[in-house]
Structure formats: C-alpha cells, structure tokens
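As structure tokens, the structure follows; a few thoughts come after it.
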Amino acid sequence: MAARNEAPRRVVVNREGPILVEGPVEVVGDDGTTTRSDRFVVAICTCRRSRTYPWCDTSHRRRKPAGPSESRPDGRQPQEGEEDPRS
Amino acid sequence: MGCGRTRLPDAGAVRRSDPYGDDLQLLLYVLYELHYRGFAGVDERLEWDPALLGVRAAAEDVFLDALRRDCGSGGKDVAEAVDALQLEPVGDDGHSVSHHLQREGELWQLREYAAVRSLYHLKEADPHLWVVPRLRGRAKAAMVAVEFDEFGAGRAENVHAQLFADLMTDLGLDARYGRYLDAAPAQALAVVNMMSLFGLHRRLRGALVGHFATVEITSPPGSRRLARALRRAGAGPAARRFYDEHVEADAVHEQVVRHEVIGGLLEDEPELAVDVVLGIEVTGHLEDLLGDHLLAAWREDRSALRTPLAQP
C-alpha cells in the first residue's frame with residue numbers, strides 16, 4: 001500500500017484496451033487467488049478473453065479475416081487454443 | 001580492417017551493390033557492431049575512424065534509399081498506421097513465421113529461428129536506447145520506463161537478452177554473442193541494421209520510434225504463437241519463458257509506446273509523423289523479406305541459414 005504522503009497511484013482506463021495500473025500490483029480473483037506483477041505498469045484485462053488473465057495478452061484486438069488466398073491449407077477454422085481470442 | 005592494410009571499398013562500388021545483398025548488409029553490420037561490443041582484436045578507436053564512417057555513410061544511403069523506394073508511402077497518418085498493426089489476421093496468412101512454427105514447426109526450424117533472431121535478441125533493446133537523448137518530457141520518460149523493463153528492471157537475470165541466451169542454451173545453441181553472424185542470411189542482418197541506422201542518426205528519431213512501436217505492438221500475438229510452438233516441440237522451460245514474458249510485457253509496452261512515446265514525440269515535434277510512419281513501414285517490409293526467406297527454405301525442407309547448424 002502506498003504511503004499517504006505519496007502521489008496517488010495512476011490508473012488509466014481505455015474503452016478498447018486493458019486498464020493500466022502503476023505497478024507493483026496484486027490482483028485478487030473471485031476464487032480468492034492472488035496474482036502479483038512487479039512491472040512498472042501492469043495491463044489488466046477487461047475483455048476477459050486473455051489466456052493469461054488477469055493480465056492483458058492483447059486478445060481484445062479486432063481481427064481481420066484472412067483473404068481467399070490466405071485460408072488455412074487444411075480449410076479448418078481456428079480451433080480452441082489456436083487463434084480464436086474467445087477460447 | 002584491423003591494421004589499415006585492407007583496402008576499403010570505394011563509394012562507387014558501394015553504390016553499385018545490392019541494397020539487400022550479403023555484401024552491403026554484412027558491411028553495415030560489421031561497421032555498426034563497432035558501436036555495440038566490437039570484435040576481439042579490433043582496435044576500439046575504429047568506431048570513429050573517418051574513412052570507415054565515410055564508407056558507412058555511402059552504404060547507409062544505398063540502404064535507406066532502397067527502403068524509401070520499396071515501402072515508404074510518404075503517409076503521415078500515424079493513428080491509421082498503428083491501427084493497422086493491431087489488426088490480427090485470423091489464422092495463417094501464408095507469410096507468418098510464427099503461425100507456421102505454431103502449426104507445424106519442427107525443432108530444427110525453431111533452432112534456426114532462434115539462431116537467426118539471436119543477432120537482435122542478444123542485443124535486445126540496445127539500439128533503441130540511442131533515441132533517449134533525442135526525446136523530451138512524456139516521450140522520454142515513457143521510453144526509459146519501457147527500456148528499464150527490457151533490461152530486467154534492475155535484475156541481471158531478467159534482462160531480456162539474458163532470457164534469450166537461456167532460450168538458446170535450452171535449444172542446444174551456442175549463446176555466445178555474435179556466434180551466428182556468419183550463419184545468418186542477409187535478410188536477418190538487414191532487420192538489425194535498420195535498428196542501428198535509426199538509432200544512430202538523430203534525424204531518424206521518428207523512424208526509430210515508429211519501428212519500436214511496431215516491434216512492441218506485433219510482439220504479443222507472435223510471442224504467444226512461438227511459446228506454443230516451443231511447448232509443442234518439447235523445448236525446455238527457459239525456451240518457453242522468453243516468449244511467455246514477451247506476451248505479458250509487450251502487452252504493457254504496446255500501450256505505453258503508443259500513447260506516451262509516440263503521443264509525446266508528436267506533441268513535441270508533429271512534423272516527425274511522416275518518419276514515424278516510415279519506421280512502421282520499413283519494419284514490416286524487412287520482417288516480410290526475412291519471413292519469406294525462412295518459409296521458402298523450410299517449405300522445401302532445407303536450411304534457411306548460410307551454414308546449417310550442428311546437431312545439438
């Protein structure tokens with residue numbers, strides 16, 4: 001916890017991205033688990049798509065469809081754990 | 001080069017050389033290396049030798065002219081260029097090395113990839129530090145904060161270059177600095193030479209910032225794929241840690257570089273927008289050339305290196 005005489009901790013919110021919090025940060029999940037990061041700024045996932053939750057892994061990004069010549073050689077759609085950010 | 005008996009190439013010969021070829025890229029790489037860690041047995045004063053700097057300037061003109069010609073749009077819309085970087089293709093677009101390695105990469109290809117990338121990752125974030133004295137205020141504070149993270153936030157064992165050396169050791173590669181320079185293709189040298197070029201010239205500070213933003217923005221999804229490729233190939237924990245760290249770190253760096261470094265720089269010097277866009281475009285262009293080279297070789301089941309690696 002920051003001492004009272006220090007500047008307030010800055011939190012930057014962004015409609016399309018993670019919440020940025022000046023580190024170090026501890027995040028307590030609803031299951032009671034605590035995750036800690038000592039980074040100078042920590043990006044906390046708000047879209048819930050991150051595979052490294054609670055930290056952002058850029059899974060919130062918009063996707064562009066692969067073009068006709070760019071489809072997968074086997075014609076499959078991305079499977080869970082591959083490229084679908086909502087997996 | 002060490003004792004003045006070797007004749008330097010004249011400016012005409014440099015101008016006639018292929019801007020992306022082995023000769024010009026190796027020339028630039030060797031001359032730039034004098035500013036990093038140099039070479040054993042080479043006089044350290046050659047870093048500022050006027051004759052060598054003259055050759056370097058001629059080679060830089062050839063390289064930069066080619067880059068402007070081949071990929072410089074002259075555009076000034078930084079927000080549009082950055083937005084384009086954040087659009088992730090769904091699935092493999094056929095040109096992505098990380099998609100290939102994730103889907104079907106074999107261990108020998110991952111080892112070649114690491115050897116090629118070691119040219120940069122063993123000096124990770126070094127070329128970008130040169131921009132710091134040329135920035136002010138927000139841009140400077142944010143750039144230094146990101147660089148502090150790259151250099152392990154005060155802990156030597158967490159310096160990203162060290163994490164990469166650990167990855168190389170895990171893959172049975174020789175992690176000594178410069179070990180794979182001779183084996184690396186010109187396309188790999190060109191990527192590092194671009195960073196040195198942008199870093200060493202104050203006039204290219206906008207391009208350096210655009211380049212750095214491109215690296216940080218494109219890194220998390222690519223790193224996630226490479227971490228997965230290493231897991232699938234059965235690589236050890238140190239090999240996986242490098243890319244796991246880059247997913248989390250660069251998701252932060254991306255935000256800070258975009259809003260504070262680029263935002264701060266353009267607030268101070270809005271006329272540099274065209275250079276920021278150039279840096280973004282050049283990075284994409286040279287990464288595409290390298291990726292196409294690697295994938296063309298691997299699809300034919302042959303080494304992408306000038307000299308294949310020894311078995312681990």
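Would you mind telling me which numbered condition in (1) away from chain A (no Cβ under 14 Å); (2) in contact (Cβ under 8 Å) with a residue 40 or more places away in the chain B:D174 fails? Answer for B:D174: the failing condition is (2). If the condition is being under 21 Å from B:Q25 (Cβ atoms) and open to solvent by less than 60 Å² (accessible area, probe 1.4 Å), then the range B:164-187 contributes B:G178, B:Y180, B:L181, B:A183, B:A184, B:P185, B:A186, B:Q187.
What's the total number of residues in the range B:223-242 that are buried (at least 21 other Cβ atoms within 10 Å of the Cβ) and without any contact (Cβ under 8 Å) to a residue 24 or more places away in the chain? Result for the range B:223-242: 2. Scanning the range B:85-135 for residues that are among the β-branched types (V, I, T), touching a residue at least 60 places away in the same chain (Cβ under 8 Å) and outside any loop (DSSP other than H, G, I, E, B) turns up B:V97, B:V116.
Selection within the range B:114-131: residues that are more than 13 Å from the chain's Cα centre (by Cα) and open to solvent by 20 Å² or more (accessible area, probe 1.4 Å). The member of this set that is farthest from the other protein chains (Cβ to nearest Cβ) is B:W130.
The values are calculated or read from the model by the stated rules, or taken from the named source; none is laboratory data. Here the structure is a predicted model, which is why all the values come from computation and not from measurement. Methodologically, a virtual Cβ is constructed for each residue, glycine included, from the backbone with ideal geometry; neighbour enumeration extends over all protein chains shown. In case anyone asks, the SASA skips ligands and DNA or RNA and just uses the protein heavy atoms, side chains included. Shrake-Rupley method; radii C 1.70, N 1.55, O 1.52, S 1.80 Å.
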